[in-house]
1. Can you list the helices (runs of 4 or more DSSP H) found entirely within segment 160-204 that contain at least 1 residues being at pLDDT 95 or above, farther than 20 Å from Gln501 by Cα and under 24 Å from the mean Cα position of the chain (by Cα)?
2. What are the residue pairs meeting all of these: first residue in segment 273-284, first residue under 15 Å from Tyr298 (Cβ atoms), second residue buried (at least 24 other Cβ atoms within 10 Å of the Cβ) and among the polar types (S, T, N, Q), Cβ atoms under 6 Å, and 6 or more apart or on different chains?
3. Looking only at segment 470-493, filter to residues that are among the polar types (S, T, N, Q) and touching a Lys or Arg at 6+ places or on another chain (Cβ under 9 Å); which one of those is surrounded by the most Cβ atoms within 10 Å (Cβ to Cβ)?
4. Residue by residue through segment 483-534, note down the ones that are closer than 18 Å to Gly596 by Cα, outside any loop (DSSP other than H, G, I, E, B) and of a type in the set (Val, Ile, Thr).
5. What's the total number of residues in segment 382-416 that are surrounded by fewer than 18 Cβ atoms within 10 Å (Cβ to Cβ), small (Gly, Ala, Ser) and not in a loop (DSSP other than H, G, I, E, B)?
6. Take the residues of segment 562-578 that are buried (at least 17 other Cβ atoms within 10 Å of the Cβ) and more than 18 Å from the chain's Cα centre (by Cα): which is farthest from Tyr362 (Cα to Cα)?
7. Report whether or not Gln252 is open to solvent by 50 Å² or more (accessible area, probe 1.4 Å) and within 20 Å of Ile466 (Cα to Cα).
8. Given the criteria open to solvent by less than 20 Å² (accessible area, probe 1.4 Å), in a loop (DSSP other than H, G, I, E, B), at pLDDT 95 or above and not β-branched (Val, Ile, Thr), does Leu244 qualify?
Amino acid sequence: MKYHDDGATDRTARMTRLNRSRTEASEGGIEASRRTVLRGSAAVLSAGALAGVGGTAAGGGAADEGDRIERVDTATDGEGMVASTDPRASEVGAAVLDDGGNAVDAAVAVQFALNAVQPHSSGIGGGGFMLVYDAGEDELYSVDNRERAPFGATPDMFLENGEPIGFDERITLGQAVGVPGTLKACDIALKRFGTQYIDDLIEPAISLAEGARVDDYLAQTIAEEQGKFNDAARAVFVPGGTPLDVGDTFTQPDLAATFETIATEGVEAFYKGDIAAATADVVQENGGSMTSADLGAYNVTIDHPEYVEYGDVTVRTQPLPSSGGLTIAHILSLLEPLDLGQYDRQSVEVNGLLAESFRLAYADRGEYMGDKGFVDAPWQGLLDDEYLAERREGIVLGEDVSGTEAPGDPWSYQPGGPYRTDPLTVGDVAEIEAAPRPSISNPLGSTTHFTVADSEGNLVSWTSTIEQLFGSGIMVPEHGFMLNNELTDFDAIPGGPNEVQPLKRPLSSTSPTIVFRDGDPFFTVGSPGGTTIITTVAEVVLNVAEFDMSLAEAVAEPRIYGNAGPTVYPEESVPESTREELEDLGYELSVFPDLGNVMAIAVDGEAGGEGSAYTGVADFRNGGAATGP
């Protein structure tokens, strides 16, 4: 479809009108932005592009939409709910709830089970972020178990001859491995919020590690990723040189033994002693600097989540070092005055405005965000009304989008200025000084989200990861767990807020989220997907809050992703006509089969109250299961 401007076809004329609309929006302030930004898009859109407003998405019939919703796995139960990426893990969590455990107990059991059946996505060799809503306290907490750089890490450790090492090589290096935090999160969460013991909750995972069926996703991932396995991983997943296939039973005796050790000796056995020594040894063998002292020094932090209001909901999600909270808040704040609900959800207007808000938010994300223990972020400035209005002036569909979006200056809209700590040095610490320094080997993204609710109204939204599929490809010999490659989330080139520093946490996009309405929990949501997590979660929130969808409908709805660059990544389910119109607006498109894999729980009534119920929602994109006790 081609655009017209009162019969003119000259792009310069169209741009003149668009720029005039942007000026009018600027002069009118925030409220004017709601009207004139979209008027600017209408100037270049043909009548046909606007004809579908209020109806079915152009290019997609009702049958297609209904089919997508039916493919979302849902379950409703008044006593609790588990939604995870694997039905075996969901059943484990539901059994814990049925046995009297609370949401945190069940979530810990789900995490261990996922380590056994989806070792390519998460596990005790990784980390993540966990939101816990304590119904008794009516308070929300974040358990930050992000991996940290070892004390021997250096800002230039991903450079070779002054240039960044290629990413495909970088992810397999020992210096890519961060000190893992998942197991410590299980330990601390149970001590602070749980009711059951870790030795009971890990028992189902031991059974699964002793023998479980290979599903399609695991088989496909093994086939694709086997080239980066070390010998220990190859022995488990490519026995005798043949990759495990769908329907095979795979056994992980070393992992089962490690789980048994944790059950009998506690988490100290992982962070100290033989397991810690074996972890440090294999990291150093692959060029890293991690020592057992790094593991023994690790601990999680408990924080309060970020929040943003959108319409009648309050979105609470992960603070830094995850960029998810601030960036989702930034996106939603940019979009709220623009009245997206007046357009069809899959219209070019909505998808174009999403793309523009993503460009602006990701530009600021890259410029200003890092581990808050090392870098001050412009928390107030990013969400300041005047700053948002200034940034919103640039949202005019049809303007040149060929370059990378420049960041704004949110520091001008709040007290203070940027500050970054200096990197530590190894100094005289004998063990670190004696350890191998990070080195460059000769030449030779994966995550899971799950969520739980219990009969008392407690909620957990937990995103756990080892980064790429199978992480670094390094399995700890004789202990059976894969190690992450999370430190590749640092910038390879030093100097920015997300440069490598000892003990620092790399910037993340992980966004476990709990949304509230009228002060009460409304739904949980989260997804895997690297930097696409942010946009996936934001779009699900918008689908519910702006387009009045049910949670299942919101999860089923086609998505797009974009960042500060000129390319937009629509799912192939986004209507073809909309994709063509986005291209006519100047966007480069790269179509993805799927974006994200959302797990969510809707709360009907007061969580845990009489007559309340939970509806679990598991995305069809990469599979999952919602199960009640």
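1. Details: elements: 167-170, 182-193, 198-201.
Output list reads 182-193.
2. Ala280/Thr291
3. Applying the first criterion (among the polar types (S, T, N, Q)) to segment 470-493 yields 472, 484-485, 488.
From what's left, touching a Lys or Arg at 6+ places or on another chain (Cβ under 9 Å): 472, 485, 488.
Working: Ser472: 33, Asn485: 29, Thr488: 24.
Ranking the qualifying residues of segment 470-493, first place goes to Ser472.
4. Answer for segment 483-534, where residues must be closer than 18 Å to Gly596 by Cα, outside any loop (DSSP other than H, G, I, E, B) and of a type in the set (Val, Ile, Thr): Thr513, Ile514, Thr524, Val525, Thr532, Ile533, Ile534.
5. 1
6. Keep residues of segment 562-578 that are buried (at least 17 other Cβ atoms within 10 Å of the Cβ), which gives 562-564, 566, 568-571, 573-575, 577-578.
Filter once more, keeping what is more than 18 Å from the chain's Cα centre (by Cα): 566, 568, 573-575, 577-578.
Working: Pro566: 12, Val568: 13, Ser573: 24, Val574: 22, Pro575: 25, Ser577: 26, Thr578: 23 Å.
Selected residue: Ser577.
7. no
8. Values: open to solvent by less than 20 Å² (accessible area, probe 1.4 Å): yes; in a loop (DSSP other than H, G, I, E, B): yes; at pLDDT 95 or above: yes; not β-branched (Val, Ile, Thr): yes.
Judged against the criteria, Leu244 is a match.
The values are calculated or read from the model by the stated rules, or taken from the named source; none is laboratory data. A quick note: this is a predicted structure, and the numbers were derived from the prediction, not measured. Glycine also receives a Cβ, built like all others from the backbone with ideal geometry; neighbour counts cover every protein chain displayed. With ligands, DNA and RNA removed, areas are computed over all heavy atoms of the protein, side chains included. Shrake-Rupley method; radii C 1.70, N 1.55, O 1.52, S 1.80 Å.
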